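Peer 1: The structure that follows is given in the form of structure tokens.
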């Protein structure tokens, strides 16, 4: 697995005695770069993203990690999702002060996972994970360069318990996050996923044209 540990990238409101968060850099490579126009839905949503409070427009979700999952296994499943879904590898280049008019799907790249280990969780670990995911909604996603998921893997004694995520509404909504959660759990269970059921955004844009 291609991972490396870098400097801390976020500060949380932790339960008692957490270890220092560490950032794992995860690389992927999957073929050729693609680029083309936005879908109508993307164009409409990006206008809202550039205008509205990011805490309101961004999404979040919490995924309970099955017992017995390793940090490496959870990260491998996240990498597989990035390889599987072009939307997660999509950025929207644009000049400052202008709105994007095209999208670019990366052939290779890097995203980060913040691993926050704990010696103990609070009495309501799911509620704590929810607060971590909500906190990650703050701050606008850099549409031209940022991976559209901000992921924290909350571990207890080195064992993953929850993945807390915030996402850019340019590529995911609540139903898309639910699909990603189901696929994440299926991958951890060793299941083989069928091909994605929906068009990739660039293919949808071609259909609209």
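Rule-based calculations on the coordinates, nothing more; no lab input. Just so it is clear, the structure is predicted and the values come from calculations on it, not from any experiment. Heads up, the Cβs are rebuilt from the backbone with ideal geometry, glycines too, and the neighbour counts pull from every protein chain shown.
Peer 1: For residues in the range 156-173 being in contact with a strand residue (DSSP E or B) (Cβ under 7 Å, 6 or more places away or on another chain) and in a loop (DSSP other than H, G, I, E, B), which is surrounded by the fewest Cβ atoms within 10 Å (Cβ to Cβ)?
Peer 2: 158
Peer 1: Quick test of your reading of the structure: residue 153 fulfils all but one of (1) under 30 Å from residue 97 (Cα atoms); (2) touching a helix residue (DSSP H, G or I) at 6+ places or on another chain (Cβ under 9 Å); (3) surrounded by 21 or more Cβ atoms within 10 Å (Cβ to Cβ). Name the failing condition by number.
Peer 2: Status for residue 153: all satisfied but (1).
Peer 1: While we're here: Any idea which of 97, 68, 73 is under 22 Å from residue 196 (Cα atoms) and surrounded by fewer than 18 Cβ atoms within 10 Å (Cβ to Cβ)?
Peer 2: Selected residue: 73, the only one of 97, 68, 73 that is under 22 Å from residue 196 (Cα atoms) and surrounded by fewer than 18 Cβ atoms within 10 Å (Cβ to Cβ).
Peer 1: Right, here's the next one. Which ones in the range 123-144 are surrounded by fewer than 21 Cβ atoms within 10 Å (Cβ to Cβ), out of contact with any strand residue (DSSP E or B) (no Cβ under 6 Å at 6 or more places or on another chain) and farther than 20 Å from residue 69 by Cα?
Peer 2: Matches in the range 123-144: 123, 124, 127, 131, 135, 138, 139, 140, 142.
Peer 1: Which condition number in (1) out of contact with any helix residue (DSSP H, G or I) (no Cβ under 6 Å at 6 or more places or on another chain); (2) in a strand (DSSP E or B) is the one that residue 181 fails?
Peer 2: Every listed condition holds for residue 181 apart from (2).
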